[in-house]
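**Student:** Take this structure, written in structure tokens, and hold onto it; I'll ask about it next.
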Amino acid sequence: MNQFINQIPPAIIEKGSRKIFVKHSNIFNINNNITRCYLIQSGMVKIYIDHENGRRSILDFVGHNDWLGELSLFCEEADIKENKVLHEVQCLEFDIAELRQLCKENAEVSFYFASYISGKLLARSYRMSEYLNYSLEKRLASFIIKHQNNGIYNIPHTDVSEYMNVSYRHVLHVIKHFCELGILTKGKAYVISDFDKLTQIKNK
């Protein structure tokens, strides 16, 4: 949703206060009402749900310039989604009640959030279509490019396999293939050694 970041009305930014969430912490707790929302400036958060049958589905990974909790501006969320900070998050924290009032008073602010939320929903719909029509190699290349940070990629394979609804071994096989092609270099994390090749796979 980064296409909206340059369009954030100053009236929104003025309401924010800086906040940090450490690795492995939760931004929202499932038994609490949402009274705050957040604009992430750095770091990454995993959003997921646990099903009654014991299985887990990762809905999204959110990071730089993404919002968390913004749906509560327009509706009361009955079920708070599970979340876990993967990399320390620095963000701006906003009071939901203040932003709701601002949306009522300021058409530009209301339009901004409506545009952002609709863009997020469309992106998730497109992702479901990609699952059905594209190879894991192409999808994983796109995922790595989106979620890398200064050329470093380090999201656990287990999380990626859950997110893409494929086996851990399949993800590992494609990652190893990228390393063999000289696209990734393995260390404590993966370093993207050849952005051009990775982009070619993403676009093919």
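**Student:** Under a Cβ-Cβ cut-off of 12 Å, what is the net charge of the residues other than I96 that fall near it, where Lys and Arg count +1 and Asp and Glu count -1?
**Tutor:** -3
**Student:** Using a Debye calculation, one point per C-alpha and no hydration shell, please list log10 I(q)/I(0) for the chain at q = 0.09, 0.10, 0.12, 0.14 Å⁻¹ in order.
**Tutor:** For the chain, the Cα-only Debye profile gives -0.38, -0.47, -0.68, -0.91.
**Student:** Helix-only estimate, please: 222 nm mean residue ellipticity of the chain, summing -39500 (n - 2.57) across DSSP H runs of length 4 or more and dividing by its residues, to the nearest 500.
**Tutor:** -12500 deg cm²/dmol
**Student:** Show log10 I(q)/I(0) for segment 134-203 at q = 0.12 Å⁻¹, two decimals, from a solvent-free Debye sum over equal Cα scatterers.
**Tutor:** -0.25
**Student:** Could you name the lysines whose alpha carbon sits less than 25 Å from that of K204, not counting residues in the same chain fewer than 8 places away?
**Tutor:** Partners found: K120, K138, K146, K176, K186.
**Student:** What order do you get for L122, L86 when you list them from fewest to most C-beta neighbours inside 10 Å?
**Tutor:** The most exposed by this proxy come first: L122, L86.
No lab work stands behind these numbers, since they all come straight from the coordinates. Source: prediction; values computed, not measured. Every residue, glycine as well, gets a Cβ built from its backbone with ideal geometry; the counts of neighbours run over all protein chains shown.
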